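Peer 1: Pasting a structure below so you can have a look.
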Amino acid sequence: MTDLNEFDRPVNVGNPQMGWASDVAAEMLRRMGIKYLSMNPGASYRGFHDSLVNYLGNEDPQMILCLHEDHAVHIAQGYAKATDEPMGCILHSNVGLMHGMMGIFNAWCNRVPMVVMGATGPVDAAIRRPWIDWIHTMKDQGAMIRNFVKYDDEPRSAQALAETMVRVNKTIRTAPAAPAYVCLDAGLQESEIDPEMKLPDISRFLPPDPIPAPQSAIDEAADLLVNARNPVIMMGRVKRGQDGWDQRIKLAELLGAGVVTDMKTAASFPTDHPLHLSPPGNRPRAEAEAEIKTADVILDLNWIDLAGTFKLIFGNSEVPAKVIHVSVDSLLHNGWSSDHMGMPLGDVTMLAECEPVVNQLLAACESRLDGKSKWDGKNKGRTAEIDGKLSDYDEGGGISVEALTLGMNEVRKGRNITLTNVTIGWAADGYHFTHPLDYLGNDGGGGLASGPGTAIGSGLALKDSDRTVVAVLGDGDTMQGSSALWTAAHYSIPVLILISNNRSNFNDEIHQETVARMRDRPVENRWIGQRIDDPEIDLAEYAAALGVDSAGPITTVGDLLPAIEAGLKVVESGKPYVLNVHVQKGYAVPPPAREA
Ligand SMILES: Cc1ncc(C[n+]2csc(CCOP(=O)(O)OP(=O)(O)O)c2C)c(N)n1
Ligand SMILES: [Mg+2]
């Protein structure tokens, strides 16, 4: 696989000394272990840019050039989703930050760690260049994003900058993870530092270990769980580690608990396990709903919208089960956005992280049960076997989203595929997740344009692993984020972008149809202002123009497998690939519509 350090090598760098304040920012990022900085350039950070190239030699961190700040932020998000580790990005003064803001919101809603570097100024008006430095100087730039970052600062000295970077490192790595923003005054960046200046020892400001629950709450929860007749575990946002995955399986098997998972969050439990109740979706399917209805104890492991899920299932009726709520998410909640969702029930509430809590619960339940499992070994779900094969769909009538999913399921054999993100149309019945890296969850904040960048960031993170990274993206999402493809081409980032191309913003056709039905108006007009057709975009040509190998449109089921195979071969040789697949309009599971 390609070593990214082969790209964009500076010459004559020699052995430079740390001499300017911007060198301090660069040095601190290196000491934080930040490997990459995705960015779009700008004069507001020309001092910092020089530090990265000519002081650090464009290595640890290495710059990843993007054509839009949206992509820069989403690449950092994709990297964090695959690793639980922060990447950095740099956004040019105010205009770049404004472009990148939606990506920061997605990253915030996804609770991923990220260092966002920005710039302003010079704050000292006396040293501003006419016009441009004035329009790119703002007071309190952080105010634009303060409601959806965990911390922000605009330090006034090199020493203060160094300390801020230490704080950023600790803050973003402490749960709940989220981005932090550091705005570098252009005047400060270009000022010389005191040669005697000492950098803080970052190893003495380490983030805490994952937060466990108090034993009293564990005991209370364990008593409920071991005595439960029909316990259910709702697996929400958890980490990518194999240990945590194994422990969650152990706990479910010990308790004989049915397990529900969610497409909003990354893979958390094997979907082919007999205790997994039904394919993941945006809302629990019938089998899971039935179990939740009859559950007497529910263990909520950081489920994203517990109140919303219960509302779908119980309406305004009481939830009969005792609920054990495990999450540190409330530590981030503020009054600006409503991404805290409705109030989650908690008969036992643990302000703690899922990984230590599952370990604690395992120990407490094992000792109460003398190590004997409560599970009778029966299949509680219906998911052990995939229902259907691609050939069932080969009727010469085009490719449905179900066929596309089954196609992916067939080509995955013998490969470790990571699905970074998938369209709303994805048919979860046709594809199992059996490893924590099999699926990385959705965009977080529902902000389109995220797909290509996020996929490329995950591809970057996993390029030296045994994973083959694939994204299944809508045509609307792809086009909003499409110039990110050039970055994948330039740095040879291995990722297959498979476009589920229904030539429409189809999600919103469904909404227009819903409204038309509610108002007794013609549903035939639902496509107006939605279809991306006439002219149809030649997505393969478009990708090729950005330097990415590509094919399509693929229009028949018969052509699908060879086309995906060919794309995967290119990706496995270390390069990106775009496959344009025409799919029929329609979703495997329609999203729940808000009726009148
Ligand atoms: C930035 C942004 N703009 C608009 C929307 C509203 N929106 C949600 S889904 C969607 C359609 C997406 O189309 P596509 O990616 O092709 O997926 P499809 O539903 O067609 O499978 C739109 C416009 C959004 N979520 N984010
Ligand atoms: Mg579409």
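The values are calculated or read from the model by the stated rules, or taken from the named source; none is laboratory data. A quick note: this is a predicted structure, and the numbers were derived from the prediction, not measured. FYI the Cβ positions are ideal-geometry reconstructions off the backbone, even for glycines, and counts take in every protein chain you see. Keep in mind that these areas ignore ligands, DNA and RNA; they rest on the heavy atoms of the full protein, side chains included. Shrake-Rupley method; radii C 1.70, N 1.55, O 1.52, S 1.80 Å.
Peer 1: Looking at this structure, is T478 near ligand 1 (Cβ under 8 Å from one of its atoms), surrounded by 24 or more Cβ atoms within 10 Å (Cβ to Cβ) and among the β-branched types (V, I, T)? Quick ask: steps written out before the conclusion?
Peer 2: Numbers: near ligand 1 (Cβ under 8 Å from one of its atoms): yes; surrounded by 24 or more Cβ atoms within 10 Å (Cβ to Cβ): yes; among the β-branched types (V, I, T): yes.
Considered against the rule, which asks whether it is near ligand 1 (Cβ under 8 Å from one of its atoms), surrounded by 24 or more Cβ atoms within 10 Å (Cβ to Cβ) and among the β-branched types (V, I, T), T478 comes out as yes.
Peer 1: Mind telling me which of the residues D464, D477, D443 ends up being free of Cβ contacts under 8 Å to residues at least 60 places away in the same chain and among the charged types (D, E, K, R)?
Peer 2: D477
Peer 1: Anything in segment 30-75 that is in a loop (DSSP other than H, G, I, E, B) and hydroxyl-bearing (S, T, Y)? List them, or say none. Reasoning before the result, please.
Peer 2: Step one: filter segment 30-75 for residues in a loop (DSSP other than H, G, I, E, B), giving 32-35, 40-42, 56-61, 66-68.
Answer for segment 30-75, where residues must be in a loop (DSSP other than H, G, I, E, B) and hydroxyl-bearing (S, T, Y): there is none.
Peer 1: Cβ contacts < 7 Å: first residue under 17 Å from I233 (Cα atoms), restricted to segment 325-337; second residue of a type in the set (S, T, N, Q) and surrounded by 13 or more Cβ atoms within 10 Å (Cβ to Cβ), any location; separation 6+ or different chain. Result?
Peer 2: H325/T349; V326/N302; S327/N302
Peer 1: What do you reckon, is T468 closer than 16 Å to A544 by Cα and either buried (at least 20 other Cβ atoms within 10 Å of the Cβ) or away from ligand 1 (no atom under 12 Å from the Cβ) (or both)?
Peer 2: Taking the combined requirement at face value, the residue does not satisfy it.
Peer 1: What do you reckon, is L437 surrounded by 24 or more Cβ atoms within 10 Å (Cβ to Cβ) and part of a loop (DSSP other than H, G, I, E, B)?
Peer 2: Yes, satisfied.
Peer 1: Could you go through segment 556-576 and let me know if any residue there is outside any helix (DSSP H, G or I), closer than 15 Å to G407 by Cα and either away from ligand 1 (no atom under 16 Å from the Cβ) or out of contact with any Leu (no Cβ under 6 Å at 6 or more places or on another chain) (or both). Reasoning before the result, please.
Peer 2: First, pick out the residues of segment 556-576 that are outside any helix (DSSP H, G or I): 556, 573-576.
In the following step, the residues that additionally are closer than 15 Å to G407 by Cα were identified as 556.
Right, trim to either away from ligand 1 (no atom under 16 Å from the Cβ) or out of contact with any Leu (no Cβ under 6 Å at 6 or more places or on another chain) (or both) and you get 556.
Scanning segment 556-576 turns up at least one residue that is outside any helix (DSSP H, G or I), closer than 15 Å to G407 by Cα and either away from ligand 1 (no atom under 16 Å from the Cβ) or out of contact with any Leu (no Cβ under 6 Å at 6 or more places or on another chain) (or both).
Peer 1: In addition: Taking D70 and the conditions (1) touching a helix residue (DSSP H, G or I) at 6+ places or on another chain (Cβ under 7 Å); (2) open to solvent by 50 Å² or more (accessible area, probe 1.4 Å), which numbered condition does it fall short on, given that it satisfies the others?
Peer 2: Going through the list (1) touching a helix residue (DSSP H, G or I) at 6+ places or on another chain (Cβ under 7 Å); (2) open to solvent by 50 Å² or more (accessible area, probe 1.4 Å), D70 breaks only (2).
Peer 1: If a residue must be out of contact with any strand residue (DSSP E or B) (no Cβ under 6 Å at 6 or more places or on another chain) and either within 19 Å of V401 (Cα to Cα) or within 16 Å of ligand 2 (Cβ to nearest atom) (or both), how many such residues does segment 512-531 contain? Reasoning before the result, please.
Peer 2: Step one: of segment 512-531, the residues out of contact with any strand residue (DSSP E or B) (no Cβ under 6 Å at 6 or more places or on another chain) are 512-529.
Filter again for either within 19 Å of V401 (Cα to Cα) or within 16 Å of ligand 2 (Cβ to nearest atom) (or both), leaving 512-513, 526-529.
Result for segment 512-531: 6.
Peer 1: Please specify each residue of segment 82-113 satisfying the condition of being among the aliphatic types (A, V, I, L, M), under 20 Å from N147 (Cα atoms) and not in a helix (DSSP H, G or I).
Peer 2: I90, L91, V112
Peer 1: List the helices (runs of 4 or more DSSP H) inside segment 482-552, counting only whole elements, that have at least 1 residues being within 30 Å of G574 (Cβ to Cβ) and open to solvent by 10 Å² or more (accessible area, probe 1.4 Å).
Peer 2: 484-490, 539-545
Peer 1: So, L448, is that one outside any helix (DSSP H, G or I), of a type in the set (A, V, I, L, M, F, W, C), open to solvent by 10 Å² or more (accessible area, probe 1.4 Å) and touching a Ser or Thr at 6+ places or on another chain (Cβ under 6 Å) or not?
Peer 2: No, not satisfied.
Peer 1: Being at pLDDT below 95 and either under 23 Å from S338 (Cα atoms) or not acidic (D, E) (or both) narrows it down to one residue among G78, G121; which is it?
Peer 2: G121
Peer 1: Within segment 489-506, identify whether any single residue is farther than 21 Å from Y577 by Cβ, within 14 Å of ligand 1 (Cβ to nearest atom), without any contact (Cβ under 8 Å) to a residue 60 or more places away in the chain and out of contact with any Asp or Glu (no Cβ under 9 Å at 6 or more places or on another chain), and answer yes or no.
Peer 2: Checked against the condition, which is being farther than 21 Å from Y577 by Cβ, within 14 Å of ligand 1 (Cβ to nearest atom), without any contact (Cβ under 8 Å) to a residue 60 or more places away in the chain and out of contact with any Asp or Glu (no Cβ under 9 Å at 6 or more places or on another chain), segment 489-506 yields no hits at all.
Peer 1: Same structure again: Any idea which residue in segment 459-481 is farthest from the chain's Cα centre (by Cα), counting only those that are assigned to a loop (DSSP other than H, G, I, E, B) and of a type in the set (G, A, S)?
Peer 2: This residue is S465.
Peer 1: Failed condition for W426, given (1) modelled with pLDDT of 90 or more; (2) outside any loop (DSSP other than H, G, I, E, B); (3) buried (at least 20 other Cβ atoms within 10 Å of the Cβ), with all others met?
Peer 2: (2)
Peer 1: Has segment 280-297 got any residue that is open to solvent by less than 10 Å² (accessible area, probe 1.4 Å) and among the small types (G, A, S)?
Peer 2: yes
Peer 1: Continuing with the same structure: For the list (1) in contact with a strand residue (DSSP E or B) (Cβ under 7 Å, 6 or more places away or on another chain); (2) touching a residue at least 60 places away in the same chain (Cβ under 8 Å); (3) more than 12 Å from ligand 1 (Cβ to nearest atom), I need the number of the one condition that D429 fails.
Peer 2: (1)
So that you can scan it fast, the table gives a plain yes or no per residue for (1) in contact with a strand residue (DSSP E or B) (Cβ under 7 Å, 6 or more places away or on another chain); (2) within 16 Å of ligand 2 (Cβ to nearest atom); (3) charged (D, E, K, R):
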residue	(1), (2), (3)
D443	no, yes, yes
T468	yes, no, no
L496	yes, no, no
R503	yes, yes, yes
I510	no, yes, no
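Peer 1: Tell me, which residue of segment 9-38 that is under 33 Å from the mean Cα position of the chain (by Cα) and β-branched (V, I, T) is farthest from V116 (Cα to Cα)?
Peer 2: Filtering segment 9-38 for residues that are under 33 Å from the mean Cα position of the chain (by Cα) and β-branched (V, I, T), the one farthest from V116 (Cα to Cα) comes out as V24.
Peer 1: Here's a follow-up. Going through segment 417-465 one residue at a time, which ones are out of contact with any Lys or Arg (no Cβ under 9 Å at 6 or more places or on another chain) and within 12 Å of N110 (Cβ to Cβ)?
Peer 2: Of everything in segment 417-465, those that are out of contact with any Lys or Arg (no Cβ under 9 Å at 6 or more places or on another chain) and within 12 Å of N110 (Cβ to Cβ) turn out to be D443, G445, G446, G447, S450.
Peer 1: I'm trying to understand the selection: among the residues of segment 44-57, which are within 23 Å of G103 (Cβ to Cβ) and open to solvent by less than 50 Å² (accessible area, probe 1.4 Å)?
Peer 2: Answer for segment 44-57, where residues must be within 23 Å of G103 (Cβ to Cβ) and open to solvent by less than 50 Å² (accessible area, probe 1.4 Å): S44, Y45, F48, L52.
Peer 1: Kindly check whether there is at least one residue in segment 123-145 that is surrounded by fewer than 24 Cβ atoms within 10 Å (Cβ to Cβ), in a helix (DSSP H, G or I) and touching a Pro at 6+ places or on another chain (Cβ under 8 Å).
Peer 2: yes
Peer 1: Hey, another quick one. When you check V116 against the structure, is it closer than 27 Å to P176 by Cα, part of a helix (DSSP H, G or I) and modelled with pLDDT of 95 or more, yes or no? Working first, answer last.
Peer 2: Working: closer than 27 Å to P176 by Cα: yes; part of a helix (DSSP H, G or I): no; modelled with pLDDT of 95 or more: yes.
Criteria not met by V116.
Peer 1: Of the numbered conditions (1) away from ligand 2 (no atom under 16 Å from the Cβ); (2) touching a Leu at 6+ places or on another chain (Cβ under 9 Å); (3) in a helix (DSSP H, G or I), L404 fails exactly one; give the number of that condition.
Peer 2: (1)
Peer 1: Within segment 416-425, is there a residue that is within 16 Å of ligand 2 (Cβ to nearest atom), in contact with a Gly (Cβ under 6 Å, 6 or more places away or on another chain) and of a type in the set (G, A, S)?
Peer 2: No; the residues of segment 416-425 include none that is within 16 Å of ligand 2 (Cβ to nearest atom), in contact with a Gly (Cβ under 6 Å, 6 or more places away or on another chain) and of a type in the set (G, A, S).
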